[in-house]
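Reviewing the structure listed below.
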Amino acid sequence: MIRKLISISGHTLELKENFYGTYKKLVKNQYASKILRNESQQKQLKYFIKYAYENVPYYHKIFKNLKILPEDIKSKEDLEKLPILTKTIIKENWNDFIPKNIQNLKYAYRSTGGSTGTPFKYRIDNFDRTLSISLMYNGWNYAGYNIGDRVTILAGSSIITSTKSYLKKFLWEFGRNTQNLSSFSMSNENLNDYVSHINSFKPKYIHGYPSSIYLLSNWIEEHNCKIHSPIAITTTSEKLFPKMRKKIEEIFDTKVYDTYGLNDGGASAYECSEQSGMHIDTERSILELINEDNQQISEGIGTILTTNFHSYSMPFIRYDTGDVATIFPSDYKCNCGRNHDMLKEITGRSVDIFITPEGKHVHGWFFLYIFWEYFNGIKEYQISQDSLTKIMIKLVVDENFDEKQLGIIKKIIHEKSSSWEINFKFVEKIEKTKAGKHKFIINNLGESA
């Protein structure tokens, strides 16, 4: 009970919103009918579309050009009347995405490297962030989690605070009752320490990148180590492959629950104990899947678009996430009794891991986070490792690019290994894969990775 109160107080102070009230409402409505969910979404959609039309210059122009009015958008199906939104469109029309009433809104700036390798800066409302965190805990609740439970997190700075202040790091972990382990420095020595830390901390849950937890699982097996078994493990940010799930469950002797989420688009989905797919959250956004002809689909494989009802400081309407997923037919119902539409799996989310000359494993997302901070004038990027000692970084830049950033980027990478030879190459465009995808982190070392 004490840990629960500390966690609630910590989140409330940080978020400056009614965190626990928001979380309790989500838990209470877990089993709401699909009819009630759809009615709630439609109500929020109508209000949000009207807001965007009246306050955001970009959307006002879009509606005028298409000769439609806000009242023409009443449902998920009506969203097809509007164009798809991309990061490039937002960056090229940045000023037109500033709401007229922005001085009355509470928000913060965030940035992402994006699954397409395109750096992107955006605004997130305070309540939207509160709802995002509440939905995450509600999703963990499907695996049995309760607020204040002890959690070990093995991930990067998209999940773990990136502050260098020991005090802030301590308060962050203490307030959440978490133990944070970096996926960016997974050397043999560090992995040995990670096992010791987990065994000492004895978390009820482990949360993190599937590739990192899988790597740790293989290391534990190879070194015949004993490891604490948590109640469950939740994975996020990447595709969880079947072989990863099998190995992690075998080594940690527990179930793995896969999750999906992104803050810039406001989408999230969580696996329950049935492990038959991920329940799509309806409280924060509408999630669409579209085919190659940009038409909505109700089942099969498609690209995820999201419309975030709570992104008032930067409205995301039909936002292209760059993620590819498979969705069950709308009449599919999980045996757990929850009445959500469900994703069968996330098809396109995986990132390679690099290896330093010293044998340390460095998660590919480490490089992505560098470009979160240093992307002024960088339109696209691609990082590849062709040998243990050489890293190639290809950049597509514009007139705002400052070459001084190269020295900063090189210095940060050398913190992982001073033995890496880092080369930069300026190109006109980044070549896509045969499947038409832009792979921005590439390890060409083969199975050794």
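Nothing in this text is a laboratory measurement; each read-out follows from the coordinates by a stated rule. The shown structure was predicted, so the numbers you read here are calculated from the model rather than taken from an experiment. Don't worry about glycine lacking a Cβ; one is built from the backbone with ideal geometry, like all the others, and counts go over all protein chains shown.
From the residues S40, L85, H340, which one has its Cα farthest along the dipole of the chain in the positive direction, the dipole being from +1 and -1 charges on Cβ of Lys/Arg and Asp/Glu about the Cα centre?
Result: S40, furthest along the dipole toward the positive end.
Any chance you could run the full-extension gain for D72 through N192? It's 0.36 nm times the residue separation minus the Cα-Cα distance, nm to one decimal.
Full extension of this stretch gives 37.3 nm more.
To the nearest 20 debye, what is the magnitude of the charge dipole of the range 1-349 about its Cα centre, counting +1 on the Cβ of each Lys and Arg and -1 on the Cβ of each Asp and Glu? Don't jump to the answer; show the numbers that get you there.
Values: 45 positive and 38 negative charges, 232 e Å.
Dipole size: approximately 1120 debye.
With N denoting the number of residues in the range 275-349, provide Rg(C-alpha) divided by 2.2 N^0.38 Å, to two decimal places.
1.11
Among S276, S134, S285, rank each residue by its count of other Cβ atoms within 10 Å, from fewest to most, as a rough exposure measure.
Starting with the residue having the fewest Cβ neighbours, the order is S276, S134, S285.
Of the residues G337, G300, G175, which exhibits the maximal mean-square fluctuation in a Gaussian network model of the chain defined by a 10 Å Cα contact cut-off?
Result for the chain, Cα springs under 10 Å: G337 fluctuates most.
What is the order of D128, D149, fewest Cβ neighbours within 10 Å to most?
Ascending number of Cβ neighbours within 10 Å: D149, D128.
Where in the range 333-348 is the amide nitrogen less than 20 Å from a point lying 7 Å along the Cα-to-Cβ axis of S33?
Flagged as within label range: 333-342.
Once you have the alpha carbon radius of gyration of the range 1-349, what is it after dividing by 2.2 N^0.38 Å, with N set to its residue count?
Here the Cα radius of gyration is 1.01 times the empirical estimate.
Working out 0.36 nm times the residue gap between N335 and K43, then minus their Cα-Cα distance, what length gain in nm do you get to one decimal?
102.3 nm
Could you give the nm distance between label points at H60 and F201, where each point is 7 Å from its Cα heading toward the beta carbon?
4.9 nm
Counting only other residues whose beta carbon sits under 15 Å from that of S196, what net charge do I get with K and R as +1, D and E as -1?
0
Could you give the size of the charge dipole of the range 209-298 about its Cα centre, using +1 on the Cβ of each K and R and -1 on the Cβ of each D and E, expressed in debye and rounded to the nearest 20?
Values: 8 positive and 15 negative charges, 81 e Å.
About 380 debye.
Distance between Cα centroids, the range 1-46 to the range 231-298: provide it in whole Å.
20 Å
Please compute the length gained on full extension between S229 and S9, using 0.36 nm multiplied by the number of residues separating them and subtracting their Cα-Cα distance.
Numbers: separation 220, 0.36 × 220 = 79.20 nm, distance 2.86 nm.
Here the segment from S229 to S9 would lengthen by 76.3 nm.
Given N376, Q295, I160, which one lies farthest toward the positive end of the charge dipole of the chain, if we put +1 on the Cβ of every Lys and Arg and -1 on the Cβ of every Asp and Glu?
Going by the Cα projections, it comes out as I160.
Please report the orientation-averaged projected area of the range 353-448, defined via the convex hull of its C-alpha atoms, in nm². Write down the numbers at each step before the final one.
Working: hull surface 24.7 nm².
Taking the Cα atoms of the range 353-448, their convex hull projects to 6.2 nm² on average.
Quick check on the exposure proxy: order L368, L216, L406 from fewest to most C-beta atoms within 10 angstrom.
Details: L368 23, L216 27, L406 15.
Least to most surrounded, the residues fall as L406, L368, L216.
Could you compute the FRET efficiency for W94 and N218, with r as their C-beta to C-beta distance and R0 at 45 Å, rounded to 0.05? Intermediate values should be presented prior to the final figure.
On the way: r = 44 Å, r/R0 = 0.98.
Once rounded, the FRET efficiency stands at 0.55.
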